[in-house]
1. What translational diffusion coefficient, in µm²/s and rounded to a whole number, does the Stokes-Einstein relation yield for the stretch 188-330 at 37 °C and a viscosity of 0.692 mPa s, taking the hydrodynamic radius as the Kirkwood radius over Cα pairs?
2. With +1 assigned to the C-beta of every Lys and Arg and -1 to the C-beta of every Asp and Glu, and no other charges, what is the dipole magnitude of the stretch 44-256 about the Cα centre in debye, to the nearest 20?
3. Using 0.36 nm per residue, how much length does the chain from residue 38 to residue 306 gain when fully extended, once their Cα-Cα distance is taken away?
4. log₁₀ I(q)/I(0) of the stretch 32-137 at q = 0.13, 0.14, 0.20, 0.23 Å⁻¹, via Debye over equal Cα point scatterers, no solvent, to two decimals?
5. Each label point is 7 Å from the Cα along the Cα-to-Cβ direction; what then is the distance between the points at residue 240 and residue 133, in nm?
6. Select from 102, 144, 210 the residue farthest towards the positive end of the dipole of the stretch 44-256; place +1 on Cβ of Lys and Arg, -1 on Cβ of Asp and Glu, and compute about the Cα centre.
7. Using the Cα centre of the stretch 196-330 as the reference point, and only Cβ charges (+1 on K/R, -1 on D/E), how large is the resulting charge dipole? Debye, rounded to the nearest 20.
8. Just need the relative contact order of the chain here, percent rounded to a whole number, with Cα pairs under 8 Å and 6+ apart.
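Where a number appears in this text, it was derived from the coordinates with a stated rule and is not lab data. Source: prediction; values computed, not measured. Cβ sites come from the backbone with ideal geometry, for glycine too, and all protein chains shown count toward neighbours.
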Amino acid sequence: MVSKKSFDDETSGRTSYIFLGCLFLLMLFTVPCAEAYDHIVTGFNMPENSLQTAGNGRIFVTSNGTVYEVMPDENLVEWPKTKVANDVDQSCQFMGITETNGYVYTVCTENFYAYYAVVRLFALEKYSGTIMTEVANTKDNINLRKVDAPNGMTTDGKGNLYLADHGAPGYPGAVYKIHVSGENIVSEVNVSKIYSFKNCKANGIKYYNGYLYITVNPTGYIGLNQLLRYKLDANGNMIADSRKVIFSSSYTLDDFFLIRDTVRNEDGCLIAQTTGARVIHINEAGEVKNIVLFYIPSSVRLLQNNDLIVTDWVGAAAYIWQSDWGVVPR
């Protein structure tokens, strides 16, 4: 594998591959199932993230090779799905997904573990769109090509997309801001790195009320995994000294969803703990309130009826579960 620079930190690089190898073995020898679910959507290739659009409630799941729209039917245990990225090169791994200004946006990379792999941004009109199309000027965008491993994505509702860059193996991650014009065009000047982590790799990212919440893993995958919160300035850039640790864990933290706990009347978060084989509910003080078991969950969110939808790599599925936790979206 070719590095951006001389790979002097052999220990960090070796640790990364050991972790990935152990994760593969766990997936190989684990029987797919979940502790509880009311509905299931099957047949995904490495499902990553999900989105339900505001208002019309369309449900999308990103995966390796394509994006699916899920068709809910309360009369069925297994819900059907349909592709909405039919004409996309199958080598494209779709990751983060969000919506703003009437469009659903998702990001994909042609190789998650390769340096300077092609990163592409796709859009779908949220009300009547049936096929995702590539946003103009993204495949050859020099600044977007600097993203090593795009992961989670969120929006501030002002035309800005925030992209968590996991970083190349053995190297820390970053956060990029992408401004999308009304014509769905992204110029090079509209893609900027707004934060570089020193010892962390970014996974999930969510915007809320002037803050960015980000889950991070240690660069060598050994140490504490954390949910961090940063305040944004007037220009939408992260303020470094506003960093606050919300939660720490020895388990890998992947995608998450910000919630309001109506039982305890407090803000909190649902987090997919990938190596912990579970989804947890924490409050803003970092106290664990509820746990539900899966195998290797990659994302969690609440649907409009407050059911959880959890994507899981081992099950190659999305599980829909009617919890009794009393949580609603923030």
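1. On the way: Rh = 15.7 Å.
Value of D from the Cα-based Kirkwood radius: 209 µm²/s.
2. That gives a dipole near 760 debye.
3. 95.2 nm
4. Log10 of I(q)/I(0), two decimals: -0.48, -0.56, -1.04, -1.29.
5. Each label point is offset 7 Å from its Cα along the Cβ direction, giving 4.2 nm.
6. Final value for the positive-end residue is 210.
7. 300 debye
8. Computed value for the chain: 15 percent relative contact order.
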